[in-house]
Structure formats: C-alpha cells, structure tokens
Amino acid sequence: MIERTKTGIPGLDELLNGGFIKGSVVLLCGEAGTGKTIFCSQFLYNGATQYDEKGVYLTSEEAPQHIKKSAALFGWDFDKLEAEGKVLIVPVKPFKVEEIPELVKKFKNEMNIQRLVIDSVSLFVMYLENVYAARKVLYDLITLLQDLKITTIFTSEILSKEKGALSRAGVEEFIADAVILLENKVMGGQFRRTLSIIKMRMSDHSKKIHPFEITNEGIRIAKI
C-alpha cells in the first residue's frame, strides 16, 4: 500500500488519489500572484495542526515575517507553531544551495520533519553554472529527500513571457515526482485561478483543469 501525505487543502486530496505520495518531491509552478505561497503555507499548517507532521519552510525570496503575516490573514499562527517546535520558517541565501542538504538532515535529526517547502527552486538554479550542474544538484537533493521520506514542495515561478514553460531552467519538472500548475485563466468571461496536476509518478490523478478560490480560510478547490 502506498503511503500518502494529505495536503488538507479542501478538494485537493481527492484529485491526488488521497494525497501526495509520502517522500515525493512536488514542483509547484505558476506566475506571480497565482497562490504558490498560500498553497505552501497551507500545506505546512495543515500538516502540523491536522496530521501531527512537523515541517520547515526554506525561503530565499520572501522574509519569514512577511510569510507569517500573510498566513495570519487566514488564521494560521506560525509564531505559535514555531514556539511549539512544529514548524520553522527559515531564510536561506540562493547562492548557498550546496548548504541545503545539510540543513535538511539537521532538521530531520532534530525535529523529525516530514514536510518541507523550498521557495524557490528557480532562484537556486539561477546561481548554478549550467543545466548539467542544476540536474546534478537537484538529483542529489531529491534523492536525499526521498531517502528521508520528507514530502517536499519546490516552488518555481514562471515568467509571463515564458508561456508553456513549467520552470525557468527547464529541468525541474523532469526531476520532480509530481508537477502542479497554478494559473490565472479566462473561464466563462471571467478571470479564474486554476490548478492542474501535470504529472504524478506511480499514482493516478485528475487530468482536468480545476478552478479554485482563495477564501478567508485559504485555498479551496471548486467542484466541477
């Protein structure tokens, strides 16, 4: 039986056939403003409060306090979770990508984390020499995460001019176990946020484009 990591995001786990596969690496991609930070925060908050799974948010773009303030708008108190040792939001420098494996091992040993967010993998890849170097670093990191059975979300920001791309370097989506795309689309004459599961290794999943809303309690996938 395949172990699953439930996201707790309303409407999503049933699209994932029960949740992400435990220990898998998920690439969450989309343009700015599509809800990536909210998705990641909700994933970690639900893990700590609903499933007793500790997590770490490694951020190279937004300051931890900004992430906490944004989360507080949805009633997610990360200061409280940090005080309880359940979730940490940790700033990391993108040009120090080689330090991430040791950080991950440290948090696994000290906290026994089961969930991880790395925001954003795009920025880390930009500091690597070439595509080969990016593939090697990402492969080694993903292998470590899988061995430690840490379910991980990598975020990847797509620039509006890069239509059809899922990542800036073009390698992340091939290495990840699952890829989720967040978009702003015109549906029924209105702009709607949508979620698509592009791939998910070793598991069935929804093949449809699903509208979602950002409510005062976070992301909620609409039924279609």
Be a star and scan segment 9-43 for residues whose amide nitrogen sits under 11 Å from the point 7 Å along the Cα-to-Cβ vector of residue 61. 28-38
Under the rule a/c < 1.5 gives rounded, and otherwise a/b versus b/c splits prolate from oblate, where does segment 50-89 land using the Cα gyration tensor? oblate
Please report, as a whole percent, how much of the solvent-accessible surface of the chain comes from carbon and sulfur atoms (probe radius 1.4 Å). 53
Within 10 Å, count the other beta carbons around each residue, average over each peptide in 93-99, 3-9, 134-140, 54-60, and list them highest first. 54-60, 3-9, 134-140, 93-99
Scalar couplings 3J(HN,Hα) for segment 204-217 by Karplus 6.51 cos²θ - 1.76 cosθ + 1.60 (θ = phi - 60°), nearest whole Hz, x for Gly and Pro, are 6, 6, 5, 9, 8, 8, 10, x, 9, 10, 9, 9, 6, 10
What does the accessible area per residue of the chain come to in Å², with a 1.4 Å probe and no ligands, DNA or RNA counted? 48
So, by mean Cβ neighbours within 10 angstrom, what's the order for 144-150, 174-180 with the highest one leading? 174-180, 144-150
Prolate/oblate/rounded call for segment 1-153, Cα gyration tensor, a/c under 1.5 rounded: rounded
Anything in the chain that counts as a DSSP H helix reaching 18 Å or more along its axis (C-alpha) with Kyte-Doolittle mean of at least 0.5? List them, would you? 131-147
Amide H contacts of residue 22 (H built 1.01 Å from N, under 5 Å, at least 5 apart or other chain): 3, 4, 5
Classify segment 51-116 from the C-alpha gyration tensor, please: rounded if a/c falls under 1.5, else prolate or oblate depending on whether a/b exceeds b/c. oblate
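The values are calculated or read from the model by the stated rules, or taken from the named source; none is laboratory data. Predicted, not measured: the structure shown is a model, and the values here were computed from it. In this analysis, Cβ positions are derived from the backbone assuming ideal geometry, glycine residues included, and neighbour counts consider all displayed protein chains. All accessible areas refer to the heavy atoms of the entire protein, side chains included, with ligands and DNA or RNA removed. Shrake-Rupley method; radii C 1.70, N 1.55, O 1.52, S 1.80 Å.
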